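For reference, the structure discussed in these notes is given below.
Read-outs: derived from the displayed coordinates by stated rules, not from any lab. Please read all numbers here as calculations on a predicted model, not as lab measurements. Here Cβ is always computed from backbone atoms with ideal geometry, including for glycine, and neighbour counts include all displayed protein chains.
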Amino acid sequence: MVDERFINRIMARAAWRMRRVYPDDVISVTEASHPCLRWAYLGRRRQPKPTGYEALLHLGNAIHEMIQIELTREGYETEVRLALNLDGIRIVGRADAVRYEVTPLAEEVAVDVLEFKTVEELPKKPHEHHVMQLQAYLNILESDVGHIIYIDRRVGRIKVFKVRRNPKALNKIKERAKQLHEYLMKDELPPPKQGPWCNYCPYKLYCRKY
């Protein structure tokens with residue numbers, strides 16, 4: 001029977017197939033910056049359950065792709081892969097868009113990093129985990145400035161926050177990446193961190209079992 005539950009189930013399976021699969025010694029910036037390490041752990045170990053918000057996730061991906069096409073015409077490189085080696089593990093990420101400039105010494109340097117987020121409501125200030133994610137990209141690229149662009153998926157309004165690089169911010173990402181790696185190696189479930197993200201979490205049914 002084709003109904004809302006059927007379509008949400010299809011979308012949840014599509015998201016699972018489209019996920020990036022990493023070995024346990026590779027931790028993504030998205031995983032390390034998320035407020036809940038249990039979400040990151042279950043994303044490796046369990047197939048997501050439909051939450052009713054699958055369409056919003058796919059809509060956000062479509063908006064990203066649409067914007068990135070135009071950004072390339074403005075001199076940005078999109079979907080820029082980044083990596084950082086750390087004590088036996090590898091931290092990886094993918095910045096939405098990066099603009100480079102060539103210095104008088106013919107060196108190419110990153111001068112702006114963009115990170116797009118589709119949300120239900122525009123925040124008054126950028127969310128801490130989004131800043132942490134962007135700070136990781138800024139530090140790996142050694143770019144002084146970046147921007148978090150929030151797009152209200154309901155009415156299409158936009159809000160932009162400028163973020164300056166803080167070298168110390170990378171330490172938090174490194175710490176959380178190490179913690180997640182330890183839980184993965186021990187095959188032990190991390191403690192949960194409750195917050196508004198729980199409402200949209202595709203692993204909340206698994207989370208309640210523990």
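Residues with beta-carbon under 9 Å from that of VAL109, excluding VAL109: net charge, scoring Lys, Arg +1 and Asp, Glu -1?
Combined, the nearby Lys, Arg, Asp and Glu give -4.
Past 29 Å, Cα to Cα: identify those pairs from LYS124/LYS178; LYS125/LYS168; LYS125/LYS193; LYS162/LYS204, in the order given.
Among LYS124/LYS178; LYS125/LYS168; LYS125/LYS193; LYS162/LYS204, the Cα-Cα distance tops 29 Å for LYS124/LYS178; LYS162/LYS204.
For segment 58-122, just the Cα set please: Rg and Dmax, both in angstrom.
Spelled out, the Cα radius of gyration and Dmax of segment 58-122 are 14.6, 45 Å.
Between beta-carbons, use under 11 Å as the cut-off and find the net charge around THR72, counting Lys and Arg +1, Asp and Glu -1.
Overall, the nearby charge balance is -2.
For a distance above 13 Å, tell me the whole-number percent of Cα pairs in segment 170-210 that qualify.
Numbers: 518 of 820 pairs.
Counting every Cα pair in segment 170-210, those more than 13 Å apart make up 63 percent.
For segment 122-207, take N as its residue count and report Rg(C-alpha) divided by 2.2 N^0.38 Å. Write down the numbers at each step before the final one.
Working: Rg = 15.8 Å, N = 86, 2.2 N^0.38 = 12.0 Å.
Working it through for segment 122-207, the quotient is 1.32.
Lys and Arg at +1, Asp and Glu at -1: add these up for the other residues within a Cβ distance under 15 Å of LEU86 and post the number.
That works out to -1.
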